[in-house]
Amino acid sequence: MTTAPQVLDVTTLPSNDNVNSYTFCVDLDGQWFLQKGKMIAYYGQIDFNGVGHGHLDRLVATSFHSPLHAGEWVVAEGNGKMLLADRAFDVNSYDLEDGNLTVRSGNLLAFEPSLSLKQSIIPGFVTLIGTGKFVAASNGEVHFVEPPVRVDPQALVGWADCPSPCHHYDHGYLKGVLGGIRAMTGIGGASGEEHQFEFVGAGTVLIQSTEVLMAEQATGAVPHEAGVPGGGQHGGGQGGQSPQMPGQLGNLQRRFGL
């Protein structure tokens with residue numbers, strides 16, 4: 001016997017809570033910062049404007065301080081319920097109270113303007129400071145651990161209220177002929193068992209339940225799927241890639257996780 005699917009509407013959707021493991025519902029009454037491509041549906045009257053939009057200057061001046069990521073974010077403003085998701089990855093909300101949290105930039109989906117986003121000195125990460133709610137995705141369930149701890153770099157989601165990590169390489173990675181080749185050429189790589197991020201001091205480290213990072217997807221790119229305009233084999237000369245705008249770092253920017 002099959003179970004009928006649950007049909008939701010604006011009255012039955014939760015308020016600032018998960019619909020399921022993969023979707024979060026924001027009960028919008030004002031403004032939220034939102035990464036492009038993460039809103040899948042909404043009810044109500046909501047407008048979406050880039051962070052460079054004129055009337056948002058004061059908001060951006062107080063809550064968004066990462067020019068390298070400005071092109072990937074918009075401000076949702078209005079009233080209604082907004083559904084957020086990211087390619088069926090796990091999605092959860094977290095609350096900061098007069099704290100600071102550094103998180104992978106690609107994992108952060110949305111945050112309240114009461115938080116201030118800053119560009120981290122660690123490539124591929126951003127830092128949230130203040131008090132408020134944010135929504136983030138992960139490849140599997142997130143676990144919270146306390147330092148001192150060493151973490152596989154690919155399992156790391158972020159860290160809160162503790163110093164930035166340093167690199168730790170096991171002795172086996174450095175010794176012998178292979179170690180010499182790595183030292184001279186940088187070739188050889190390392191698994192999470194040979195190379196880790198080391199955290200010390202007070203705070204909390206967030207790790208996901210897999211060593212597989214969330215796959216990057218260019219913001220605004222047309223999916224290569226049948227039935228999607230511009231996404232098939234005859235989707236045009238750009239092959240579904242988003243147009244390169246003047247001043248953008250493009251693939252170089254994404255390669256280094258900026």
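If I go through segment 82-106 residue by residue, how many of them are within 18 Å of Met39 (Cβ to Cβ) and either of a type in the set (A, V, I, L, M) or touching a Leu at 6+ places or on another chain (Cβ under 9 Å) (or both)? Quick ask: steps written out before the conclusion?
First, the residues of segment 82-106 that are within 18 Å of Met39 (Cβ to Cβ): 82-93, 105-106.
Cutting the leftovers down to either of a type in the set (A, V, I, L, M) or touching a Leu at 6+ places or on another chain (Cβ under 9 Å) (or both) gives us 82-86, 88, 91, 105-106.
Final tally of qualifying residues: 9.
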Inset, instruction - Take segment 85-95 and flag every residue that is modelled with pLDDT of 95 or more and over 20 Å from Phe125 (Cβ atoms). - result: Ala85
Inset, instruction - Kindly list the number of the only condition in (1) in contact with a strand residue (DSSP E or B) (Cβ under 6 Å, 6 or more places away or on another chain); (2) at positive phi; (3) not in a strand (DSSP E or B) that fails for Arg87. - result: (1)
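When segment 86-100 is examined, which residues are found to be in contact (Cβ under 8 Å) with a residue 40 or more places away in the chain and surrounded by fewer than 20 Cβ atoms within 10 Å (Cβ to Cβ)? Full working, then the answer.
Restricting attention to segment 86-100, the residues satisfying the condition of being in contact (Cβ under 8 Å) with a residue 40 or more places away in the chain are 86-94, 96, 99-100.
Those that are in contact (Cβ under 8 Å) with a residue 40 or more places away in the chain and surrounded by fewer than 20 Cβ atoms within 10 Å (Cβ to Cβ): Arg87, Ala88, Phe89, Asp90, Asn92, Ser93, Tyr94, Gly99, Asn100.
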Legend entry - Residue selected from segment 116-152 under the condition touching a residue at least 60 places away in the same chain (Cβ under 8 Å) and among the aliphatic types (A, V, I, L, M), by the criterion surrounded by the fewest Cβ atoms within 10 Å (Cβ to Cβ): Val145
Legend entry - Entirely in segment 140-232, the strands (runs of 3 or more DSSP E) that have 1 or more residues that are at pLDDT below 90: 166-169, 195-199
Legend entry - Selection from segment 102-118 of residues that are within 8 Å of the chain's Cα centre (by Cα) and polar (S, T, N, Q): Ser105, Asn107
Legend entry - Residues of segment 33-83 satisfying the condition of being among the hydrophobic types (A, V, I, L, M, F, W, C) and touching a helix residue (DSSP H, G or I) at 6+ places or on another chain (Cβ under 9 Å): Phe33, Val51, Val60, Phe64, Leu68, Ala70, Val75
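The values are calculated or read from the model by the stated rules, or taken from the named source; none is laboratory data. Values in this document were obtained by computation on a predicted structure and should not be read as measured data. Reconstructed Cβ throughout: ideal geometry from the backbone, glycine too, with neighbour counts over all protein chains shown.
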